[in-house]
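Engineer: Structure in structure tokens, see below.
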Amino acid sequence: MGTTNDTVLVAGSASQLLAVRIARALKVELVPMASKTFPDGELYLRFLSPLNGRRVIIVQSTPPPQNSNLLELFFLINAAVEKGADEIIAVVPYLAYARQDKEFLPGEAVSGRYICRMLKNCGADIVITVNIHSRSIFEGIDLPFIDLDAFPLIAEYFEKTPLKDPLVLAPDKGAVEEGSLIAEKLGCSFAFLEKERDRYTGEIVTAEKQMGLKGRDVLIIDDIISTGGTMANAVSIAVKQGARNVYVACVHPLLVGEARLKILNAGAREIIGTDSVPSDVSIISLAPLIVGALKR
Ligand code: R5P
């Protein structure tokens, strides 16, 4: 990165705290903004510092309400281009729609790809995401992107937690790679479950299997917790098999509706997430990871 004078940071409304943490660590100016929503719901944005000739880092995650968070991100990038920014780095820790990375049923819109195209067309020069659900959505789009890995931060958190005979559990096959890496880092065993999601109703079924969990502490990890169904199923299985404490951790705690309640009622002791999505469970900050990437 260049000098602190020619780099500024813009905080989108979905990532205010994370943006402040990044700006402080980088010692760059946080651009003051005037933003409001008009009575009819339209968004108004105004930069109160010049962006002309500067490298602009825009930090805006896109959890629910994802459509308005995305629109704000697109406006910020477009406006920064128009105000003469020299380079635009879009930091989007949670990139919405990345799960729709292909046509699962014939005729479906591949929304993840369209979001990447829009980021490119708005004028982003580079995009930084964190544990994007599917990197393939960027394929064929001429837009450099870096996907950071926050699972080592989750592993560090558990290294500091006193655990009894721990086992890392992936609640579905999609989390096997990350889960086994965390288990390796913690020097403990690893297991995974298999989950089926009905493509029409969204209903989740997790197959039970014996994993030898009696009296052990179980860490269930995933990239995203959305409705909490995937995690709640895995927690119930672990509790049923006699686990002592069940911890649930993810990078993107979307925690839609009653997700928290579902997971805790299933028997989890704690839910741990990152500030990719601000919430009461976002106790691990992504700032050091993102700052490291921006410095590089
Ligand atoms: C998809 O496979 C993801 O990795 C998560 O497992 C999924 O998004 C979690 O969704 P939910 O919390 O609604 O079960």
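Engineer: Just for the Cα atoms in the chain, what are the lengths along the principal axes, largest first, rounded to whole Å?
Structural biologist: For the chain, the Cα extents along the three principal axes come out at 61, 45, 39 Å.
Engineer: Residue 160: which lysines have alpha carbons under 25 Å from its alpha carbon, excluding same-chain residues fewer than 8 sequence positions away?
Structural biologist: Filter leaves 185, 214.
Engineer: Quote to one decimal, in nm, the extra length available between residue 184 and residue 42 on full extension: 0.36 nm per residue of separation minus the C-alpha distance between them.
Structural biologist: Value of the extension gain: 46.3 nm.
Engineer: Round to the nearest 0.05 the FRET efficiency obtained for residue 117 and residue 159 when R0 = 35 Å and r is the Cβ-Cβ distance. Present the calculation step by step, with values, prior to reporting the outcome.
Structural biologist: On the way: r = 40 Å, r/R0 = 1.14.
Efficiency at R0 = 35 Å is approximately 0.30.
Engineer: Right, something else. Subtracting the Cα-Cα distance from 0.36 nm times the residue separation, let me have the gained length for residue 103 to residue 258 in nm, one decimal.
Structural biologist: 52.9 nm
Engineer: Extension gain residue 201-residue 149, at 0.36 nm per residue separation less the Cα-Cα distance, in nm?
Structural biologist: 15.6 nm is the gain from fully extending residue 201 to residue 149.
Engineer: Please arrange 122, 250 by how many other C-beta atoms lie within 10 Å of their C-beta, fewest to most. Can you show the working numbers first?
Structural biologist: Details: 122 18, 250 30.
Ascending Cβ contact count within 10 Å gives the list 122, 250.
Engineer: Report the net charge of residues surrounding residue 213, where surrounding means a beta-carbon distance below 15 angstrom and charges are Lys +1, Arg +1, Asp -1, Glu -1.
Structural biologist: Numbers: positive: 164, 209, 214, 216, 240, 244, 269; negative: 165, 208, 217.
Result for the local shell: +4.
Engineer: If you don't mind, there's one more thing I want to ask. Take the Cβ-Cβ distance between residue 139 and residue 52 as r, set R0 to 25 Å, and report the resulting FRET efficiency rounded to the nearest 0.05.
Structural biologist: With R0 = 25 Å, the Cβ-Cβ based efficiency is 0.15.
Engineer: Take every DSSP beta bridge whose two residues both sit in region 1-160, then give the antiparallel share in percent to the nearest 5.
Structural biologist: 20 percent
Engineer: Counting only DSSP beta bridges with both residues in the chain, what percent are antiparallel, rounded to the nearest 5?
Structural biologist: Antiparallel bridges make up about 20 percent of those DSSP assigns within the chain.
Engineer: Additional query: Listing 73, 264 from the residue with the fewest other Cβ atoms within 10 Å to the one with the most, what is the order? Working shown, then result.
Structural biologist: On the way: 73 29, 264 17.
Fewest-to-most Cβ neighbours within 10 Å comes out as 264, 73.
Engineer: Return the long-range amide H neighbours of residue 146 (sequence gap of 5 or more, or a different chain), with a cut-off of under 5 Å between placed amide H atoms.
Structural biologist: 127, 128, 129
Engineer: If you rank 125, 275 by fewest surrounding Cβ atoms within 10 Å, what's the result?
Structural biologist: Fewest to most other Cβ atoms nearby, the residues stand as 125, 275.
Every number in this text was worked out from the coordinates using simple rules, so none of it is lab data. Computed from a predicted structure; not experimentally measured. A quick note on method: Cβ atoms are made from the backbone with ideal geometry, for glycine too, and the neighbour counts reach across all protein chains shown.
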